[in-house]
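Taking it in order: structure first as structure tokens, then the write-up.
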Amino acid sequence: MSIKFIRSHSHSLILLWLSMAIAALAQDNAPVLDTKGDPLLVGEEYYIEPAITDVGGRVTLVDRDGNCPLYVGQQNGAGSEAYPVIFRPFAEDESVVRVNRDTKIIFSAITLCIQSTEWLLGQNDTESGRRLIITGNRGDERQGGNYFRVTESQIGGNIYNLEWCPVEACPFCRFICGTAGGLFEDGKILLALDGNVLPVMFVKKE
């Protein structure tokens, strides 16, 4: 009888541990919420805007040097136009965007550059040493260059950070992960990793 009791007790402990692990995983990958408290829906258009003031405007396409590709950056004046984005999660069966999960971020825009408007990790800036975020498609998803993550900000509420760390797209790769922030250059604001962090909110396009 004692052996049977021990086995039953162990089985209960395993079930309890699995339930706790599943609950923790669900919490870690909760839906990302927009400014109204609604989950971000796959395929819908959203503006990405700073959660703090005096750091630039909404995230948009930036012409850095008059050539393609276009860069990911921010509005730096009232007259500059911002473009919404759509999300395409690595997990194709998802209908909402979740925190800490790989997703493509794609500007809903048509440009003169004959290329994708997907976000892509670009080259290091020669002056700052920071990794810039550009637009385009590397074509090899195993490298994860087009996959970013929305992570929870320490500020709390419906405020998040944007991170590059595509461990779902390439689980066996070794990455130097980084979080996006603004980089001021010649009157323009680019998004780049490895420096200051830009907390953001998501505003659904009406």
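The values are calculated or read from the model by the stated rules, or taken from the named source; none is laboratory data. Worth saying up front: this structure is predicted, and the values here are computed from it rather than measured. Using ideal geometry, Cβ is built from the backbone for each residue, glycine included, and neighbour counts are taken over all protein chains shown.
Structural remarks
- Check on residue 150, surrounded by 15 or more Cβ atoms within 10 Å (Cβ to Cβ), hydrophobic (A, V, I, L, M, F, W, C) and either part of a loop (DSSP other than H, G, I, E, B) or at pLDDT below 95 (or both): no
- Considering only residues in the stretch 153-164 that are out of contact with any Lys or Arg (no Cβ under 9 Å at 6 or more places or on another chain) and modelled with pLDDT of 95 or more, the one that is surrounded by the fewest Cβ atoms within 10 Å (Cβ to Cβ) turns out to be 159.
- Candidate set: the stretch 80-117, residues that are assigned to a loop (DSSP other than H, G, I, E, B) and among the polar types (S, T, N, Q); chosen: the one farthest from residue 204 (Cα to Cα): 115
- Residue pairs meeting the criteria (Cβ under 7 Å; at least 6 apart or on separate chains; first in the same structural domain as residue 136 (by TED's automatic domain parsing), in the stretch 55-81; second modelled with pLDDT of 90 or more and of a type in the set (Lys, Arg)): 62/188; 64/188; 71/64; 73/188; 74/58; 75/58; 76/188
- Residue within the stretch 18-26 that is hydroxyl-bearing (Ser, Thr, Tyr) and modelled with pLDDT of 95 or more present: no
- Candidates 145, 187 - the one that is modelled with pLDDT under 95, more than 17 Å from residue 51 (Cβ to Cβ) and surrounded by 19 or more Cβ atoms within 10 Å (Cβ to Cβ): 145
- For residue 56, the criteria (1) on the phi < 0 side of the Ramachandran plot; (2) in a loop (DSSP other than H, G, I, E, B) hold in every case but one, which is (1).
- Pick from the stretch 59-79, criterion of a type in the set (S, T, N, Q) and part of a loop (DSSP other than H, G, I, E, B), ranking: surrounded by the fewest Cβ atoms within 10 Å (Cβ to Cβ): 67
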